[in-house]
Amino acid sequence: MRYLPLTNEDRKNMRGVIGIDDVNELFSNVPRSVSLDPTFNLPNHKTEMEVGRILSGIANKNINSNQAPFFLGAGAYKHHIPATVDHIIQRSEFLTSYTPYQPEISQGTLQYLFEFQTQVSLMTGMDVSNASMYDGSTSSAEAVSMAKRITKRNKVVLSPTLHPQYAEVIKTLISADEDSIDYKFSEDFDVTSLISKIDEDVSCVVVQNPDFFGSCHTLEKLADHIHSKGALLVVVVNEIVSLGMMKSPGAMGADIVACEGQSLGNPLNFGGPYIGLMSTKDKYVRQLPGRIVGETNDMNGEKGFVLTLATREQHIRREKATSNICTNSGLCSLAFTIHLTLLGEVGFKKLSKLNHEAAIKLYNKLNGLEGFAVKNKSFFNEFTVKLPINASVFVEKMAEKGVLAGVPVSRLENQDDSFSNLLLVASSEINSDSDREDFIKLAKEVCYE
Amino acid sequence: MNSNRGLDHDEKLLFEVGDVNRTGVDLSEPENLNHMIGDSFSDSEIGLAGLSEPETVRHYVRLSRKNYSIDAGLYPLGSCTMKHNPRLNEKMARLEGFSEIHPLQPISTCQGALELIDLISSWLKELTGMAAVTMAPKAGAQGELCGMMAIKQALLNKNESHRKIVLVPDSAHGTNPATAAFLGFEVKTIKSNNSGLIDFDDFKENIDENFAGVMITNPNTCGLFEADIVKISDLTHKSGGYLYCDGANFNAVVGKLKPGDLGIDAMHINLHKTFSTPHGGGGPGSGPVVFSERLEKFCPAPLIENDKGEYDLIENLHEESLVNSFGRLNVFHGQMGMFVRAMSYMLSHGADGLKRVSEDAVLNANYLRASLSDRLTPAFEGYCMHEILFNDDFLKGTGVETLDFAKAMIDEGYHPMTIYFPLVIHGALLVEPTETESKQSLDHFISTLRDLVDKLKKDSESFKAAPVFTPIRRLDETQAARKPILRWKEEPLIAV
């Protein structure tokens, strides 16, 4: 077995040192009623080549996003990842190290996390950030939980244009009674109606921006109302690249920001692993969940980094911890920070612009198409189109013709027929003019031929 | 001043070496179309420092060299399972058919992805002897949450939500009590006996009509198999409760026994421990949960259904098969990238190899135990499982504490073991060698530790000063927590 270094000779010698004849003597605590070495209905070990064939065979049954013009988003976005990113994250010292508990031999991880925290704070316009969460949805749920701790209030208002699965995660993880969470999925983002829901029991209002349908919103007025009632504004960002062209959540009055960071450095991976970002104001830092890296000095006065504010965490506080989170998305945060370092301010803004323009170009083509109506007044790189036919049927037929055309809204909310013809269409720097032409040509065929 | 030392290069912060006008990516030129963002448009400066590609590579390569890693040496962190991460797993996870597919692609275009999830599910069910599995949890701690939420839902379903008390042994991982409390359970601590196992009498005495269940790590954090586990599960079930098993140490028994035979109701499995997905400096992990029949129907979304080789994904909570589900733990379908790696590991080992994995892991730990017992002091008598726990008796009278001993190991080229955990043992040192260390590697480790112990009486000062051969010396953690500096900020210009 190629991963096991002990030889039978070694094993025999070691048993001698231990003073046993049979390795099963070491399992003597296992109760007699439990069978040791039961039969498993599983195959025996395989060579590297055999494993490679089996898994490649399975992988080849999927149509991947490099094989077809690709327009899917809804919380996961395809971008070009520079070759440098994947090369560096596979360095042994990053890939095969543990959480940096011994700072003297973990400064590499600690320093990049400190830089990562700085980048996330800058992008979201907030004071501080943690060292990452599992993904955008768990980040959002942790943000709500944090807002409840800060305000000591129970009710939560979710914007109707929040990603439906994010709303489900918040409902599940907050484990509050159903009545305390206000959420009714719809296309209408209406500040006045949100304001009318804020009373003295509301801990926070959660707004996704750009929202699930792709529309962009200003939030200053909403933030003022929320703050006047003593509640907090939680802003969720699904497509982090939008922050290169939009006011930051912090600049619009957010108290806690929860983002999906997958767009930078991390491939689609069928939904995971991704990377949750979370940032807030200085005054709430002791309520922030997850790992946080801080700067300090060593005994010679040299600058260095450590995990800090551990008194919030489960390994110290046990049942009084701010969250049960332990691991974060270490390697995904490394990919994120390397990609962003390569881009820099100029590259990030340019990337953002290219994404927006790719969407505008598709928008212009779709607008002239009979029976197709784009619903958005504003958008970044994704918008919602009302199709002349059922959107689920549409994407299946488009896939048969070789285009991955978007995400039907009904994929995420199938209880309400009014969504059945709505399609979310995302664009990015990967889309060429010919991708868009294919989309339009085949969309006509699928709907009208 | 040059502060480089040999191969160890001083590396300034990204924000000190880079600037907002530098980039390492060539992008095509935007056409400056009129934007359609609306009033939330902004082009003000963010302050993101950039670097060209060669500068970026050098920055991160220099940083990487300040890290210890399993690839470079033995990494005996008890309870963390730092085993070798096979490179084939990395290659498989990067197949475009896995890495470049979107979670919401039409079901007909991702049949392979669903097949892979179904395949790893069936392996996990067979290896654990359990009825069901959910692949949704993103890490061990979320797996715990998942298992306990299923238990909560089951109690609710039986109209028994008055059952609020969850028993947790004092040796448990901190995540266990944190998880139970997060869900509104009342945590009651049960004692360990002087053999390091759950005190069955104390467990029995703590059961009353409000008993919801018990969370047990098995093998436990003292590195011992809970000998009374079947008695505990019988009494738990007889008393109307559920047995949650923290499967962090599944690597000690995988392929040797089926946890289902122990009577557990739910157990999370850390793919990054037992099944070798890389720890990556703290994630990403993956924490699937296996369930008994009693809890099966409370599984979170999504589910995968297989109808004669056609796979379907049940992801909407309104669907009939999810009607009893406790909900959804995260967006999409779990850590696909980790599933592929773990599957590659399982296929490589097979049933025969996995049995060898746990046998060698346990053999290696007991070899360390036998070879060190006359120098370090084992916390408990008898054989251990995959990790060996020492107390700090061997340090008595030397003035050296567990932390100092750990730091001295760094100067000898080793990452220290887990220290001060579990909390039940004074100055605990928990050593887990894993099955991927050779006998030569263990022998070198043994002789290093023996020499260090012999040095304790002669030169205790050097332990206090350690480490000295690292890029940086011991850091002031109190200062870091008292005056938190959590990000880089431009130094304000001082007016003269």
Return the FRET efficiency for the residue pair B:Ser195, A:Asn367: r is the Cβ-Cβ distance, R0 is 60 Å, and the value is rounded to the nearest 0.05.
0.20
Across B:427-436, the residue-averaged tally of Cβ atoms belonging to other chains within 10 Å stands at 1
Specify the inter-centroid distance of the range B:306-332 and the range A:369-433, based on alpha-carbon positions, in whole Å.
23 Å
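For the range B:182-228, which GluC sites (Glu not before Pro) are both in a DSSP coil and crowded by at most 10 other Cβ atoms within 10 Å? Before the final figure, lay out the partial values.
Values: sites: B:Glu186, B:Glu205, B:Glu209, B:Glu226; in loops: B:Glu209, B:Glu226.
Sparse-neighbourhood loop GluC sites (Glu not before Pro): B:Glu209.
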On a 0 to 90 degree scale, rounded to 10, what angle separates helix A:8-18 from the longest Cα axis of chain A?
70 degrees
Can you compute the helix-only [θ] at 222 nm over chain A? Use -39500 (n - 2.57) per DSSP H run of at least 4 residues, normalise by all residues, nearest 500 deg cm²/dmol.
-11500 deg cm²/dmol
Per-residue ellipticity at 222 nm for chain B, helices alone: DSSP H runs ≥ 4 residues times -39500 (n - 2.57), over residue total, nearest 500 deg cm²/dmol?
-10500 deg cm²/dmol
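When A:Thr124, A:Thr341, B:Thr109 are ordered from fewest to most other Cβ atoms inside 10 Å of their Cβ, what list results? Each step should come with its number before you reach the end.
Values: A:Thr124 27, A:Thr341 31, B:Thr109 22.
If I rank by nearby Cβ atoms, fewest first, I get B:Thr109, A:Thr124, A:Thr341.
Restrict the search to the range A:353-409; then list the GluC sites (Glu not before Pro) that DSSP places in a loop and that have at most 11 other Cβ atoms within 10 Å of their Cβ. Don't skip to the end; give the middle numbers.
Details: sites: A:Glu357, A:Glu370, A:Glu382, A:Glu396, A:Glu400; in loops: A:Glu370.
Counting only loop positions with at most 11 other Cβ atoms within 10 Å, the GluC sites (Glu not before Pro) in the range A:353-409 are A:Glu370.
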Relative to chain A, whose Cα atoms define the longest principal axis, helix A:391-400 and its Cα axis are tilted in degrees, nearest 10, by 70 degrees
Calculated FRET value between A:Lys61 and A:Met1, using beta carbons and R₀ = 22 Å, to 0.05:
0.15
For the range B:45-53, just list the computed ³J(HN,Hα) in residue order, Karplus coefficients 6.51, -1.76 and 1.60, θ = phi - 60°, integers in Hz, with x standing in for Gly and Pro.
5, 8, x, 7, 6, x, 9, 5, 4
Whole-Hz Karplus couplings 3J(HN,Hα) for the range B:253-260, θ = phi - 60° and coefficients 6.51, -1.76, 1.60, Gly and Pro as x, run 10, 4, x, 9, 8, 9, x, x
Size of charge dipole - the protein assembly as shown - debye, nearest 20, with Cβ of Lys, Arg +1 and Asp, Glu -1, no other charges
900 debye
If I take the Cα coordinates of the range A:99-205 and project them onto the principal axes, what are the three extents in Å, biggest first?
52, 26, 26
Lysines whose Cα lies under 25 Å from that of B:Lys191, excluding same-chain neighbours fewer than 8 positions away:
A:Lys320, B:Lys152, B:Lys164, B:Lys204, B:Lys231, B:Lys238
Residues of type lysines that A:Lys386 reaches as a straight line, Cα spacing below 21 Å, ignoring anything fewer than 8 places off in the same chain:
A:Lys184, A:Lys361, A:Lys365, A:Lys375, A:Lys377, A:Lys397, A:Lys401, A:Lys441, A:Lys444
In a solvent-free Debye calculation with one equal scatterer on each Cα, what is log10 I(q)/I(0) for chain B at q = 0.07, 0.08, 0.12, 0.13 Å⁻¹, listed in the order of the q values?
-0.47, -0.61, -1.21, -1.32
Per 10 angstrom bin, beginning at 0 and ending with the bin that holds the maximum distance, the Cα pairs of the range B:355-480 fall in percents of 12, 43, 33, 10, 1
Low-density loop positions, trypsin sites (Lys or Arg not before Pro), the range B:220-319 - DSSP coil, at most 12 other Cβ in 10 Å
B:Lys308
Which FRET efficiency, nearest 0.05, do A:Lys184 and B:Glu320 yield, Cβ-Cβ r, R0 25 Å?
0.65
³J(HN,Hα), Karplus 6.51/-1.76/1.60, whole Hz, each residue of the range B:475-488, x for Gly, Pro
9, 7, 6, 5, 4, 4, 7, 6, 10, x, 10, 10, 7, 6
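Does the range B:1-158 classify as rounded, prolate or oblate by the C-alpha gyration tensor (a ≥ b ≥ c root eigenvalues; a/c under 1.5 gives rounded; else a/b over b/c gives prolate, otherwise oblate)? Numbers along the way, then the final one.
On the way: a/c = 2.12, a/b = 1.37, b/c = 1.55.
Taking the square roots of the gyration eigenvalues as a ≥ b ≥ c, the range B:1-158 is oblate.
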Distances longer than 54 Å among the Cα atoms of the protein assembly as shown: what percent of all pairs is that?
11 percent
Taking amide hydrogens as modeled 1.01 Å from N in the peptide plane, which residues meet the under 5 Å criterion relative to A:Met246, leaving out close sequence neighbours?
B:Ser42
Eligible aspartates and glutamates near B:Lys396 by straight Cα distance, threshold 14 Å, same-chain separation 8 or greater:
B:Asp404, B:Asp454
Fewest to most Cβ atoms within 10 Å: A:His87, B:His349 sort as A:His87, B:His349
How many angstrom lie between the Cα centre of the range B:2-79 and the Cα centre of the range A:110-184?
26 Å
Would you give the gap between the C-alpha center of the range B:390-458 and the C-alpha center of the range A:314-364, rounded to a whole Å?
39 Å
Label-to-label distance, nm, for residues given as B:Glu126 and A:Met299 (7 Å Cα→Cβ offset)
5.4 nm
Using +1 at the C-beta of Lys and Arg and -1 at the C-beta of Asp and Glu, which of A:Met245, A:Ala223, A:Tyr101 has the Cα lying farthest in the positive direction of the dipole of the range A:83-339?
A:Tyr101
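Here, each number is a calculation from the coordinates, and none is a lab measurement. Every value quoted in this text rests on a predicted model; they were computed, and no experiment measured them. Please note: Cβ atoms are built from the backbone with ideal geometry, for glycine as well, and neighbour counts cover all protein chains shown.
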